[in-house]
Every structure is written in C-alpha cells, then in structure tokens.
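Nothing in this text is a laboratory measurement; each read-out follows from the coordinates by a stated rule. This one's a predicted model, so the numbers in the text were calculated from it and none came from an experiment. Cβ sites come from the backbone with ideal geometry, for glycine too, and all protein chains shown count toward neighbours.
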Amino acid sequence: MANGQKATSITFGMYKYIEMKEALKDKQIILKSHPKATQSKLHYFVNDILDEPRNLNTVGNPEQLKHSGIEMWSRELTKKDRIVYGIEPGANYNMPEEPEIVVFYQYLGHYQDK
C-alpha cells in the first residue's frame, strides 16, 4: 500500500476507488455532524468523480493540483471543504488488473491547509 496507509477498496461507476484513512474519518464526521445537504452533495460528487474524474465541466469546480508528483484533483464540497483525490495506477494498490483507480485522500478541510 502506498505511503503505508490503510484504505478501503470499492467498485462504483467506471472506476474502482480507494478511500484513505483520513478520507474515511472525514466521511464519518460528515455523516454524523454535517447537514443532510452536505451528505447528499458528497455522495453525488463521489459518483460524479467515479464516472469521469478528469471532467473539468462538472460540479464542484474541479481543479488539477500541481506539484504533488501524482495526478491530483480537488473539488469544492463546501466553502471551506475540498474533496481531494488522485488518479493512480491500480498496480500501486495491488490491483494490477486496473489501469487506473481513484484514490480519495480527504473530504474535509482545504488541501492548502495541510
């Protein structure tokens, strides 16, 4: 596993995806303490990302992040929170049959705050 982090692998839409430990924690916080509208928005955005993660003409103002060493993207979930995800070779996560997978790193906070 890249970076020695634990993750969960799921198939949905066109891409398989993994949620890293921080993203799983963020999702639990959203499901417990955020408004239903934010919870629904998260679900919708994840589905949209899995259909076409590189689509620039979609919800959440997609932005490709630079200087990360891998293909990283950000989408605005709320004014202060961003979904940060990467598109990586499946082989990096013991899924050699998958040319690419989506890796969700965070759902809360802003990538510039990290």
Using the alpha-carbon atoms, what tilt in degrees (0 to 90, nearest 10) does helix 36-51 show relative to the longest principal axis of the chain? 30 degrees
Please state, as a whole number in µm²/s, the translational diffusion coefficient that the Stokes-Einstein equation yields for region 17-114 at 10 °C and 1.306 mPa s, with Rh defined as the Kirkwood radius across alpha carbon pairs. 116 µm²/s
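If packing is taken as the average count of other Cβ atoms within 10 Å, what order do 49-62, 19-32 fall into, highest mean first? The partial results should precede the final answer.
Details: 49-62: 15.1, 19-32: 16.6.
Highest to lowest by the protection proxy: 19-32, 49-62.
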Please list the non-local residues whose amide H lies under 5 Å from the amide H of LEU77, H modeled 1.01 Å from N, same-chain partners needing a gap of 5 or more. ARG82, ILE83
The chain: angle of helix 21-33 to the longest principal axis, Cα-based, in degrees nearest 10: 20 degrees
Go through 33-40, 69-76 and give me the packing order, highest mean Cβ count within 10 Å leading. 69-76, 33-40
